[in-house]
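This report concerns only the one structure given below.
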Amino acid sequence: MARHDLLTSWGRFPMVESRVSRPEKREGLEGHIHGSDGEVGETLLARGAGRSYGDAALLEDGGTTVLTGRMDRMLGFDPASGVLRAEAGVRLREILETFVPRGWFLPVTPGTKEVTLGGAVAFDVHGKNHHRDGGISNFVREIELLTAGGETVTCGPNQREGLFWATVSGAGLTGIITEVALELRPIETAYVTERTLKAKNLEDAFYLFEEHEPDYPYSVAWIDCLASGDRLGRSHLMFGRHATPDQLSAKQRRNPLGYTPNHLTRLPFDLPEGVLNEWTVKAFNQLFYARQRSRDRTHVVGIDPFFYPLDAIGDWNRMYGESGFTQFQCALPMDESYDGLEEILDAVQKSGLASFLAVLKRLGGPDGGMMTFPMSGYTLALDIPRRDGIEELVRSLHAITARRGGRVYLAKDAYLRPDTFREMYPALEEWLEVKRRVDPENRFTSEQARRLDIEP
């Protein structure tokens, strides 16, 4: 049964009124395709956990947003191959809670475990190991997809390859992902050996990345985006690898695969507007940068503190107040990364729009998805509170990114213009050829797709 509701993104912008449906079973999904649970030929969009930041998982009234969270069964696991088959509504958190104690981990994971498996595949998510392993699409063995014609099809890297590579980065616009077969990674412990290095500026951060990253499967940096002058880009770089039993303490070795999810507290209310301003964020960044006295520190931490630090605070998006925030994330090619990031950081610093959540990662080569985000180079992600001037700032960052041959991440976008989008994603026409075949009437769409003029 469909109802009308107000939906927004994790950034709490934009907000739209949507006709929503929450099917319990596959038949409910099929009902929307055939018209028994909705209007014949209505526009549709599958929505998982709603953890994208812009309008990619939003559909204005006039179509139906299909909430897939109840389709969350794990269907089978083959320990010989490590392949898990699960419905698309399963959250990564549920996979971790089930399989880490059994000695398995996600092959690729974003910075939150609250996303659904289907959402992760639809945006070909990347993680701290992209420089070595690429995106999650490299570990997807099969996808089951419900198409606009009501047909359930199976595709994979060696089966209906065109549809597969259009779907793993297609933002849910080729159909509804119903099931995914994902190859998990064996681990010996539920811990990570983490090495943290302090970089005094952006040049130093690049040097440390290039020197140490080949030795570690995981790497990421927190970067102080409000520092200026010779401190521009000062950072904490975190390198990690899965710990072995001999690296654990005596207490940890008693239960090396013991997994304790990191749920420390919840933010029960919205912080007042303006609490996160240039001065409070500068103070936070100064304290955070100074918390590690030594330049080089190695210790053993749990999976959650290393991969999902923000998940320790439930509803952490409320820190930005009722107006919410926008996340800007760009990828820049290697030969433009340093100068481009320096230009972006300088623009953010001069704008006075504060961001204490700024993440820098090294990316490997592009993945197979037609609309995949990563490229060989670096990616920077910034959370910016929604204040006067934010749209102007973000669009100026888009211009810098495009001029230097980079692109922005569609899962985090709320302001990109159609012409800039097409410049950043040259494989769009190849993707549209697949879209025309499987969805010629453009039944699967979103507010982002409409904003970017994505039509077959």
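Within the stretch 262-269, is even one residue closer than 22 Å to Ala358 by Cα and modelled with pLDDT of 90 or more? No, that holds for no residue. Looking only at residues in the stretch 340-357 that are touching a strand residue (DSSP E or B) at 6+ places or on another chain (Cβ under 9 Å), touching a residue at least 60 places away in the same chain (Cβ under 8 Å) and part of a helix (DSSP H, G or I), the one that is surrounded by the most Cβ atoms within 10 Å (Cβ to Cβ) is Leu341. Contact map, the stretch 13-38: residues that are within 30 Å of Pro385 (Cα to Cα) and assigned to a strand (DSSP E or B) paired with residues that are of a type in the set (Ser, Thr, Tyr) and at pLDDT 80 or above, Cβ distance under 6 Å, separation 6+ or inter-chain. Pairs shown: Met15/Thr8; Ser18/Thr65; Arg19/Thr64; Val20/Thr65. The condition (being in the same structural domain as Asp224 (by TED's automatic domain parsing), surrounded by fewer than 14 Cβ atoms within 10 Å (Cβ to Cβ) and touching a helix residue (DSSP H, G or I) at 6+ places or on another chain (Cβ under 6 Å)) is satisfied by just one residue among Leu332, Leu257, Leu267, Leu287: Leu267.
Of the residues that make up the stretch 160-169, is at least one of a type outside the set (Asp, Glu), surrounded by fewer than 21 Cβ atoms within 10 Å (Cβ to Cβ) and farther than 20 Å from Val66 by Cβ? Within the stretch 160-169 (the criterion being of a type outside the set (Asp, Glu), surrounded by fewer than 21 Cβ atoms within 10 Å (Cβ to Cβ) and farther than 20 Å from Val66 by Cβ), the answer is yes, since at least one residue qualifies. Taking each residue of the stretch 155-181 that is without any contact (Cβ under 8 Å) to a residue 40 or more places away in the chain and looking for partners that are hydrophobic (A, V, I, L, M, F, W, C) and assigned to a helix (DSSP H, G or I) with beta-carbon atoms closer than 7 Å, six or more apart or interchain, yields Cys155/Leu163; Cys155/Phe164; Gly156/Phe164. Just one of (1) surrounded by 14 or more Cβ atoms within 10 Å (Cβ to Cβ); (2) over 18 Å from Asp383 (Cβ atoms) fails for Lys251. It is (1).
Within the option set Val275, Val220, being at pLDDT 95 or above and of a type in the set (A, V, I, L, M, F, W, C) holds for one residue only, Val220. Checked against (1) assigned to a helix (DSSP H, G or I); (2) surrounded by 17 or more Cβ atoms within 10 Å (Cβ to Cβ); (3) in contact with a Pro (Cβ under 9 Å, 6 or more places away or on another chain), Asp367 meets all criteria but (1). Consider the stretch 297-322 and keep the residues that are among the aromatic types (Phe, Trp, Tyr) and touching a strand residue (DSSP E or B) at 6+ places or on another chain (Cβ under 6 Å). The one that is surrounded by the fewest Cβ atoms within 10 Å (Cβ to Cβ) is Phe306.
Residue-wise test of (1) touching a Ser or Thr at 6+ places or on another chain (Cβ under 9 Å); (2) aromatic (Phe, Trp, Tyr).
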residue: Arg160; (1), (2): yes, no
residue: Val192; (1), (2): no, no
residue: Phe209; (1), (2): yes, yes
residue: Asp224; (1), (2): yes, no
residue: Leu232; (1), (2): no, no
residue: His236; (1), (2): yes, no
residue: Arg266; (1), (2): no, no
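For the stretch 380-410, the candidate set comprises residues that are of a type in the set (Gly, Ala, Ser) and either touching a strand residue (DSSP E or B) at 6+ places or on another chain (Cβ under 6 Å) or assigned by TED's automatic domain parsing to the domain that holds Ser169 (or both); within that set, the residue that is nearest to Gln349 (Cα to Cα) is Ala381. Of the strands (runs of 3 or more DSSP E) lying entirely inside the stretch 51-152, those containing at least 2 residues that are surrounded by 17 or more Cβ atoms within 10 Å (Cβ to Cβ) span 64-67, 83-87, 140-146. In the stretch 424-438, is there at least one residue being farther than 20 Å from Gly368 by Cα, free of Cβ contacts under 8 Å to residues at least 24 places away in the same chain, out of contact with any Ser or Thr (no Cβ under 7 Å at 6 or more places or on another chain) and not charged (D, E, K, R)? Among the residues of the stretch 424-438, not one is farther than 20 Å from Gly368 by Cα, free of Cβ contacts under 8 Å to residues at least 24 places away in the same chain, out of contact with any Ser or Thr (no Cβ under 7 Å at 6 or more places or on another chain) and not charged (D, E, K, R), which makes the answer no.
The values are calculated or read from the model by the stated rules, or taken from the named source; none is laboratory data. Since the model is a prediction, treat every value here as computed from it, not as a measurement. Note that each Cβ is placed from the backbone with ideal geometry, even for glycine, and that neighbours are counted across all protein chains shown.
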